[in-house]
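Enquirer: First, the structure itself, so that you have it in front of you.
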Amino acid sequence: MFKKISLLTGSILLAFSAGAQAQTKWDLPSAYPASNFHVENLTTFIKDVDTLSEGKLKITLHNNASLYKAPEIKRAVQGNQAQIGEILLTNFANEDPIYELDGLPFLATGYDASFKLYQAQKPFLEKKLNSQGMTLLYAVAWPPQGIFANKDIKQISDMKGLKWRAYSPVTAKIAELVGAQPVTVQQAELAQALATGVIDSYMSSASTGYDTKTYEYIKKFYDTQAWLPKNAVIVNKKAFEALDPATQQALKKAGAQAEERGWKLSQEKNKWYQDELAKNGMETIKPTVELKEGLSVIGKRMLDDWLKKAGADGQAMIDAYRKQ
Ligand code: PCA
């Protein structure tokens, strides 16, 4: 009788420890705050991974650049210090032209066009990330980019001299081309840069305007809808391969669901963010024809430069995008 009980206890203990061993814990750094729709989406994704993997893969979210600053997240995932992470693709434009594509102004300006551009970009993006020891799990567009400034901007020459916050090489280049002074500041430090007067303008989405309470300093949003950059969730390849096949499938499934949900959420919440900006005293202004034309000339020039850098792959992406 005693023997039986101890045998039973032993097997329960064994099963328990096997279960405990099979549980994997990952860290997920993101550079954006809890109010951000990308982060809301990540939170749901993490729950889905937990459910679909039957508790085998536990992911901890570190938002608002609390674990790594935005430009450091990619390298952290590459080095497996973080097994999974969220990056803004266009932040890495200087590394390879593939990361720049969805940051170019006036190439793809609405959600449909941006999704098409993503489909054209995706195989090349996957290949590049793979060569760097990572895999692409999913990517979601930010809402369309407009200009936050107090100044009256009717044409691009009105942007001369602005103290312009840039978040990527492309947004810094735009500043240069219009005669503004670019200062690179990531979103997590944007509110402080506004408060201290380091910058007085920038180009981004209504979502970032809301997250950073830009309306406390800037009262105008020129809704240029210039481009929709994407955040991508990337995974370290070795960490992925160390998961059992069922957990790998669970992760992929949750990723596919997050991608679909994220694109919808981006679009739905953009309206909400714009309403919140208005409630807080910010005026949304339709850009003049002159301003749009000036910006699209800049966009064309940047696309030409991009095509030179991106070679045959770049041309293939643009052709695939335009064929859809
Ligand atoms: N918000 C991010 C990137 C694109 C966007 O809409 C930012 O301003 O940093």
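The values are calculated or read from the model by the stated rules, or taken from the named source; none is laboratory data. Just so it is clear, the structure is predicted and the values come from calculations on it, not from any experiment. We place every Cβ from the backbone using ideal geometry, glycine too, and count neighbours over all the protein chains shown.
Enquirer: Take the residues in region 37-91 that are away from the ligand (no atom under 16 Å from the Cβ) and among the acidic types (Asp, Glu); name whichever of them is nearest to Ala258 (Cα to Cα).
Expert: Asp48
Enquirer: Among the residues of region 147-169, write down those that are out of contact with any strand residue (DSSP E or B) (no Cβ under 7 Å at 6 or more places or on another chain), surrounded by 23 or more Cβ atoms within 10 Å (Cβ to Cβ) and β-branched (Val, Ile, Thr).
Expert: None; the set is empty.
Enquirer: Hey, could you check region 173-187 for residues that are surrounded by 19 or more Cβ atoms within 10 Å (Cβ to Cβ) and assigned to a helix (DSSP H, G or I) and say which is nearest to the chain's Cα centre (by Cα)?
Expert: The extreme case among them is Gln187.
Enquirer: Is there any pair linking a residue in region 100-116 that is over 14 Å from Ile298 (Cα atoms) to one that is of a type in the set (A, V, I, L, M) and in a loop (DSSP other than H, G, I, E, B), with Cβ under 6 Å and at least six apart or on different chains, and which?
Expert: Filtered contacts from region 100-116: Glu100/Ala93; Ser114/Ala108; Ser114/Leu228.
Enquirer: Quick one: how many residues across region 62-120 are among the acidic types (Asp, Glu), touching a helix residue (DSSP H, G or I) at 6+ places or on another chain (Cβ under 7 Å) and under 22 Å from Phe240 (Cβ atoms)?
Expert: Going through region 62-120 one residue at a time, the tally reaches 2.
Enquirer: Continuing with the same structure: Name every residue in region 226-255 that is more than 16 Å from the ligand (Cβ to nearest atom) and not hydrophobic (A, V, I, L, M, F, W, C), in order of residue number.
Expert: Asn236, Lys237, Lys238, Glu241, Asp244, Pro245, Thr247, Gln248, Gln249, Lys252, Lys253, Gly255
Enquirer: Considering only residues of region 188-217 that are away from the ligand (no atom under 13 Å from the Cβ) and part of a loop (DSSP other than H, G, I, E, B), which is farthest from Gly281 (Cα to Cα)?
Expert: Filtering region 188-217 for residues that are away from the ligand (no atom under 13 Å from the Cβ) and part of a loop (DSSP other than H, G, I, E, B), the one farthest from Gly281 (Cα to Cα) comes out as Val198.
Enquirer: Something else about it: For region 112-130, state whether one or more residues are within 14 Å of the ligand (Cβ to nearest atom) and assigned to a helix (DSSP H, G or I).
Expert: Of region 112-130, the ones within 14 Å of the ligand (Cβ to nearest atom) are 114.
Narrowing the set further to residues that are assigned to a helix (DSSP H, G or I) leaves 114.
Yes, region 112-130 has at least one match.
Enquirer: Which members of region 74-88 meet the condition of being surrounded by fewer than 24 Cβ atoms within 10 Å (Cβ to Cβ) and either out of contact with any Ser or Thr (no Cβ under 9 Å at 6 or more places or on another chain) or farther than 13 Å from Gly133 by Cβ (or both)? Explain how you work it out, then say what you get.
Expert: Pass one, region 74-88, residues surrounded by fewer than 24 Cβ atoms within 10 Å (Cβ to Cβ): 75-76, 78-81, 83.
Across region 74-88, the qualifying residues are Arg75, Ala76, Gln78, Gly79, Asn80, Gln81.
Enquirer: Could you please find all residues in region 280-324 being within 17 Å of Asp223 (Cβ to Cβ), touching a Lys or Arg at 6+ places or on another chain (Cβ under 7 Å) and either of a type in the set (Val, Ile, Thr) or not in a strand (DSSP E or B) (or both)?
Expert: If the condition is that a residue be within 17 Å of Asp223 (Cβ to Cβ), touching a Lys or Arg at 6+ places or on another chain (Cβ under 7 Å) and either of a type in the set (Val, Ile, Thr) or not in a strand (DSSP E or B) (or both), then Gly281, Met282, Ile285, Thr288, Glu290, Leu291 are the ones that fit.
Enquirer: Residues that are crowded, with 17+ Cβ neighbours inside 10 Å, at pLDDT 95 or above and away from the ligand (no atom under 16 Å from the Cβ): does region 7-24 have at least one? Can you show your working first?
Expert: Within region 7-24, the first condition is being crowded, with 17+ Cβ neighbours inside 10 Å, and the residues that meet it are none.
No, every residue in region 7-24 fails to be crowded, with 17+ Cβ neighbours inside 10 Å, at pLDDT 95 or above and away from the ligand (no atom under 16 Å from the Cβ).
Enquirer: For region 200-229, which positions are over 15 Å from Arg165 (Cα atoms), surrounded by fewer than 24 Cβ atoms within 10 Å (Cβ to Cβ) and among the polar types (S, T, N, Q)?
Expert: Once the filter is applied, which keeps residues that are over 15 Å from Arg165 (Cα atoms), surrounded by fewer than 24 Cβ atoms within 10 Å (Cβ to Cβ) and among the polar types (S, T, N, Q), region 200-229 yields Thr224, Gln225.
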